[in-house]
Amino acid sequence: MKRIILTLAAALITFCGTAQNQQDEATRMQKEILKTFHKRDLSQQPHKSHIPLASQAAKQSIKQVIKSLPEDRVWFPGEWEEVKAIVVTPFYSYKVPGHENSYYWYADPLVTGYADYYQYSAGWQHRGTGPYNSVMDTVSDHGKVFFYLMDGIQLGGAEAWVHIEHPKDSAIVLRTLARMGLRHDNVRFIIGAGNSFWYRDCGPIAFYYGDQDSLAMLDFTYYPGRALDDSLPSLIHQQMGIPNYMTKVFWEGGNCLVDGAGMLFTSDGVYSANNSTYGQYTWDGQNINTLTYESRTALNATQTKEAFRQLLGQRATYILPRYRYDGGTGHVDLYADAWDENGFVFSVMPDRYSSWVDYRTGQKNIDSLCSYKSLFNRNYYTMGTLPFPSKDDGSDFVSQAEYTTNYTRTYSNHTFVNNVILQPCFSAVVNGQPSAAWDRTNLEAVAAAYPGYTIYPVDVREFDGSGGAIHCVTKQIPADNPVRILHKNIHGIMTAGLGNSNLPVSAIITNRSGIAHAEVMYRVNGGEWQTLNLTANGNRWYGQFPFSEINTIVDSVDYYISATSNNGKTITKPMTANQGGYYHFAFGTDALFDSTWFDFDTTPMPMENITFLFGSNWATEDNNEPRPVGIDDVENLDDNFGQFYPNPATDQANLQINLGNGQNYTVTIIDNSGRTVHTSSLQAAGQIIYTINASRLATGIYHVVFSNNDTRVVRRLIVK
């Protein structure tokens with residue numbers, strides 16, 4: 001008996017060891033897939049030498065005539081401004097048919113329905129082309145990151161616009177969010193094939209135009225090889241109804257930094273991207289053998305800068321040196337973001353990394369940015385700095401080569417969602433805080449640099465070595481009906497050298513309906529809030545802090561601006577004022593008046609320098625017809641489910657269902673734009689009548705989806 005027990009124990013140990021080895025190998029191969037097929041660095045993508053470049057006869061000029069582009073008051077909002085939605089995707093694994101359970105086979109999608117096949121054998125070897133299966137990852141640590149982001153987006157009061165590959169995946173997303181205890185009541189779906197998850201880079205640059213502050217998108221060409229991701233703005237146009245304007249200029253959204261008032265900052269990585277004759281994939285839509293790279297006209301540096309100036313930066317376009325050891329992207333979102341139209345927050349490498357190339361580049365870029373003029377004719381300034389991350393144990397990186405290959409960590413790569421920041425961290429999150437002491441201390445410094453923001457930490461170590469994190473996989477959709485406040489903030493410490501003059505304060509405030517009233521709320525030394533009403537002169541609003549109420553020897557002042565539009569919308573500046581985010585200035589007995597921070601001239605540049613007209617030859621209108629999607633085009637046939645009656649319905653709609661011995665279903669009601677308007681559970685047996693209260697639904701077309709692990713049934717319902 002003892003021998004049998006020992007034999008069983010040895011077998012169990014062997015089995016456990018084998019299972020652990022298999023899990024370790026699965027984890028290793030997933031990292032191989034991520035760093036090969038999903039890396040943010042174009043130069044590291046598998047070379048598609050089997051796909052030819054189009055012939056010279058098919059060559060197209062990069063310049064095309066604009067069709068129906070907006071003609072007035074174009075402006076690109078800053079990322080700190082109000083948003084209505086953030087686009088994100090779950091992580092998908094792409095499987096080769098017949099090898100779905102193998103770690104060593106992978107499908108790299110080319111165009112809808114077709115992928116390159118690769119087998120891992122001393123590196124990834126190309127094994128042909130064919131159809132593929134896409135499977136959503138809801139269980140790995142990497143896959144879970146995207147669901148935490150969906151939760152944080154909703155926490156910020158925005159909709160999570162989730163890109164999925166199949167209509168049925170909407171139920172998987174909602175079920176996974178519910179299972180993880182995350183928010184799932186403000187989710188809409190964008191449906192279409194994809195390549196990866198870097199939606200900052202391939203997503204649209206949204207802008208406002210015209211007297212009604214209408215919303216549209218500017219769609220740059222994403223780098224060759226990810227044609228499906230490159231079509232994301234077109235999907236948003238078709239399914240969400242936002243106009244889209246397309247340009248053949250190459251650009252990745254992570255390399256975009258704007259001040260909301262006509263300034264564009266990017267890195268010189270845009271030069272090499274546009275100095276290429278390779279465009280995106282093109283094919284006839286049926287025969288995969290017609291697939292080619294589109295031939296395009298290369299742009300030199302002067303042409304590239306002019307293209308960006310005409311498309312984005314009417315007031316100023318700055319192209320600065322890229323980082324060389326940042327995972328391969330050269331993108332600005334790894335080390336800088338604009339806090340508002342006055343200045344920036346930077347990730348700064350500590351002096352112990354002073355021998356690194358990017359340490360010196362970073363210092364020079366910060367100096368350059370802070371030498372440029374804002375719309376208020378004063379220099380931008382550093383409004384805060386962020387610490388530099390460490391390895392998991394809190395130790396330093398050994399070299400810049402180790403950092404770029406295995407880590408590329410940064411606290412700057414976060415996303416604003418109204419009054420929330422989706423924030424990278426580098427240890428497990430426990431009770432809403434990083435578990436590592438060094439990581440927790442660093443996030444406290446992040447919170448100090450962004451006063452008033454709710455920090456939503458997400459452990460992004462699964463992105464190590466990929467060249468990006470949260471900002472790179474999310475994309476803002478600006479709010480409808482924006483109330484825009486541009487303000488020359490009063491900042492720093494000054495003496496009483498102002499004489500008996502009051503302290504002027506002003507802002508540009510706009511809304512499509514006009515502004516009903518605006519005021520400055522201020523307090524002295526943390527006391528009661530007081531109101532300073534502002535007076536309008538066109539779009540410029542003025543007032544003066546009453547010095548008679550301020551002791552200019554010892555007092556400090558917190559303040560923010562509040563504005564209400566004629567159509568009833570109120571916005572504060574900063575947006576986080578109700579959470580403790582204020583502007584601040586103070587008086588000191590020893591400080592000299594610093595005109596760098598305040599110079600009494602509160603008049604900004606003319607409005608025409610802030611908004612601008614598009615150039616006349618860089619973009620074309622997206623002519624893909626908008627179409628309602630969100631579910632399968634054909635309703636599933638199932639004799640156990642009847643049809644809704646009455647249909648159209650006004651008060652209630654009924655559906656007869658035979659559930660036999662008992663079934664559990666998730667019931668999802670989706671409107672014609674793809675938005676989920678209701679989710680519930682159905683658990684019953686036998687013949688039942690399922691009833692929907694149609695009086696609670698807006699007039700329109702809906703699809704009601706009944707789904708479980710085995711079945712998915714769709715029924716159409718019209719509400720009038």
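The values are calculated or read from the model by the stated rules, or taken from the named source; none is laboratory data. It should be emphasised that the depicted structure is a prediction, and the values quoted were computed from it without experimental measurement. Neighbour counts are summed over all protein chains in view; Cβ atoms, including those assigned to glycine, are modelled from backbone coordinates with ideal geometry.
List pairs: first in the stretch 106-128 and closer than 12 Å to residue 37 by Cβ and touching a residue at least 12 places away in the same chain (Cβ under 8 Å), second in a strand (DSSP E or B) and among the β-branched types (Val, Ile, Thr), Cβ under 6 Å, 6+ apart or cross-chain?
116/129
Here is a yes/no grid of residues against (1) assigned by TED's automatic domain parsing to the domain that holds residue 266; (2) part of a loop (DSSP other than H, G, I, E, B); (3) under 23 Å from residue 583 (Cα atoms); (4) small (Gly, Ala, Ser):
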| residue | (1), (2), (3), (4) |
| --- | --- |
| 345 | yes, no, yes, no |
| 358 | yes, no, no, no |
| 388 | yes, yes, no, no |
| 398 | yes, yes, no, no |
| 403 | yes, no, no, no |
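Quickly run through the stretch 307-350 and pick out the residues that are among the hydroxyl-bearing types (Ser, Thr, Tyr), touching a strand residue (DSSP E or B) at 6+ places or on another chain (Cβ under 9 Å) and under 13 Å from residue 361 (Cβ atoms).
323, 335, 347
What's the total number of residues in the stretch 211-229 that are within 18 Å of residue 39 (Cα to Cα) and touching a helix residue (DSSP H, G or I) at 6+ places or on another chain (Cβ under 6 Å)?
Total satisfying the criteria: 3.
Touching a residue at least 12 places away in the same chain (Cβ under 8 Å) and not basic (Lys, Arg): does that describe residue 507? Break it down stepwise before answering.
On the way: touching a residue at least 12 places away in the same chain (Cβ under 8 Å): yes; not basic (Lys, Arg): yes.
When the stated conditions are applied, residue 507 passes them.
List every residue pair whose Cβ atoms sit under 6 Å apart, with the two residues 6 or more apart in sequence or on different chains, where the first one lies in the stretch 258-276 and is in the same structural domain as residue 205 (by TED's automatic domain parsing) and the second, anywhere, is among the charged types (D, E, K, R).
Sorted first by the residue in the stretch 258-276, then by its partner, the pairs are 259/341; 260/341; 261/341; 262/315; 263/315; 267/322; 268/322; 269/322.
Any idea which of 265, 220, 308 is buried (at least 19 other Cβ atoms within 10 Å of the Cβ) and either of a type outside the set (Phe, Trp, Tyr) or outside any strand (DSSP E or B) (or both)?
On the way: 265 fails: either of a type outside the set (Phe, Trp, Tyr) or outside any strand (DSSP E or B) (or both); 220 fails: either of a type outside the set (Phe, Trp, Tyr) or outside any strand (DSSP E or B) (or both).
Within the list 265, 220, 308, the selection yields 308.
Looking at 436, 445, can you tell me which residue is under 28 Å from residue 330 (Cβ atoms) and of a type in the set (Gly, Ala, Ser)?
One residue alone meets the criteria, 445.
State whether one or more residues within the stretch 441-456 are of a type outside the set (A, V, I, L, M), in a loop (DSSP other than H, G, I, E, B) and in contact with a Pro (Cβ under 7 Å, 6 or more places away or on another chain).
Within the stretch 441-456, the first condition is being of a type outside the set (A, V, I, L, M), and the residues that meet it are 441-442, 444, 450-454, 456.
The next check asks that each one be in a loop (DSSP other than H, G, I, E, B); those that pass are 450-453.
Filter again for in contact with a Pro (Cβ under 7 Å, 6 or more places away or on another chain), leaving 452.
Yes, the stretch 441-456 contains a residue that is of a type outside the set (A, V, I, L, M), in a loop (DSSP other than H, G, I, E, B) and in contact with a Pro (Cβ under 7 Å, 6 or more places away or on another chain).
Would you kindly identify the strands (runs of 3 or more DSSP E) lying entirely within the stretch 52-137 that contain at least 1 residues that are among the acidic types (Asp, Glu) and modelled with pLDDT of 85 or more? Spell out how you get there, then give the answer.
Values: elements: 83-88, 92-95, 105-111, 114-120, 124-130, 133-136.
Passing ranges, in order: 105-111, 114-120.
Hey, can you tell me all the residues within the stretch 417-434 that are surrounded by 24 or more Cβ atoms within 10 Å (Cβ to Cβ) and touching a residue at least 40 places away in the same chain (Cβ under 8 Å)?
Within the stretch 417-434, 417, 422, 423, 424 meet the criteria.
If you scan the stretch 219-235, which residues turn out to be hydrophobic (A, V, I, L, M, F, W, C) and over 15 Å from the mean Cα position of the chain (by Cα)? Even if it seems obvious, please write down each step before you answer.
Looking only at the stretch 219-235, we keep the residues that are hydrophobic (A, V, I, L, M, F, W, C), and these are 220, 227-228, 232, 235.
Passing the criteria: 220, 227, 228, 235.
Scan (1) part of a loop (DSSP other than H, G, I, E, B); (2) closer than 23 Å to residue 671 by Cα; (3) in contact with a Phe, Trp or Tyr (Cβ under 9 Å, 6 or more places away or on another chain); (4) in contact (Cβ under 8 Å) with a residue 40 or more places away in the chain for the single condition residue 182 breaks and write down its number.
Residue 182 satisfies every listed condition except (4).
Scan the stretch 587-601 and tell me whether some residue there is more than 21 Å from residue 341 (Cβ to Cβ), surrounded by 13 or more Cβ atoms within 10 Å (Cβ to Cβ) and modelled with pLDDT of 60 or more.
Kept after step one, since they are more than 21 Å from residue 341 (Cβ to Cβ), are these residues of the stretch 587-601: 587-593.
Narrowing the set further to residues that are surrounded by 13 or more Cβ atoms within 10 Å (Cβ to Cβ) leaves 587-588, 591, 593.
Filter again for modelled with pLDDT of 60 or more, leaving 587-588.
Checked the stretch 587-601: at least one residue is more than 21 Å from residue 341 (Cβ to Cβ), surrounded by 13 or more Cβ atoms within 10 Å (Cβ to Cβ) and modelled with pLDDT of 60 or more.
Just name the residue that is surrounded by the fewest Cβ atoms within 10 Å (Cβ to Cβ) out of those in the stretch 656-673 that are in a strand (DSSP E or B) and at pLDDT below 85. It would help to see each step written out before you state the result.
As a first pass, look at the stretch 656-673 and keep what is in a strand (DSSP E or B): 656-658, 663-671.
Next, from what is left, pick out any that are at pLDDT below 85: 670-671.
Working: 670: 25, 671: 19.
Among residues in the stretch 656-673 that are in a strand (DSSP E or B) and at pLDDT below 85, the one surrounded by the fewest Cβ atoms within 10 Å (Cβ to Cβ) is 671.
Which members of the stretch 407-439 meet the condition of being outside any loop (DSSP other than H, G, I, E, B), in contact with a Gly (Cβ under 9 Å, 6 or more places away or on another chain) and β-branched (Val, Ile, Thr)?
415, 417, 420, 421
Among the numbered criteria (1) more than 27 Å from the chain's Cα centre (by Cα); (2) over 30 Å from residue 614 (Cβ atoms); (3) assigned to a loop (DSSP other than H, G, I, E, B); (4) at pLDDT below 80, which single criterion is violated by residue 21?
(3)
Would it be correct to say that residue 717 is modelled with pLDDT of 85 or more, over 14 Å from residue 649 (Cα atoms) and assigned to a strand (DSSP E or B)?
On the way: modelled with pLDDT of 85 or more: yes; over 14 Å from residue 649 (Cα atoms): no; assigned to a strand (DSSP E or B): yes.
Here the answer is no, as residue 717 does not meet what is asked.
Testing residue 170 on (1) surrounded by fewer than 23 Cβ atoms within 10 Å (Cβ to Cβ); (2) at pLDDT below 95; (3) among the hydroxyl-bearing types (Ser, Thr, Tyr), one condition comes back false. Which one is that?
With respect to (1) surrounded by fewer than 23 Cβ atoms within 10 Å (Cβ to Cβ); (2) at pLDDT below 95; (3) among the hydroxyl-bearing types (Ser, Thr, Tyr), residue 170 is out only on (1).
Among the numbered conditions (1) crowded, with 20+ Cβ neighbours inside 10 Å; (2) part of a strand (DSSP E or B), tell me where residue 327 comes up short.
(2)
Considering the stretch 674-713 alone, what residues qualify as being surrounded by fewer than 17 Cβ atoms within 10 Å (Cβ to Cβ) and in a loop (DSSP other than H, G, I, E, B)? Walk me through how you get there before you give the answer.
Here is the first cut: in the stretch 674-713, the ones surrounded by fewer than 17 Cβ atoms within 10 Å (Cβ to Cβ) are 677-678, 680-689, 691, 693, 695-696, 698-701, 708-711.
Correct list: 685, 686, 693, 698, 699, 708, 709, 710, 711.
Taking the criterion of being more than 30 Å from residue 402 (Cα to Cα) and free of Cβ contacts under 8 Å to residues at least 24 places away in the same chain, would at least one residue in the stretch 332-342 satisfy it? Can you show your working first?
First, pick out the residues of the stretch 332-342 that are more than 30 Å from residue 402 (Cα to Cα): 339-342.
Cutting the leftovers down to free of Cβ contacts under 8 Å to residues at least 24 places away in the same chain gives us none.
Looking for residues that are more than 30 Å from residue 402 (Cα to Cα) and free of Cβ contacts under 8 Å to residues at least 24 places away in the same chain, one finds none in the stretch 332-342, hence no.
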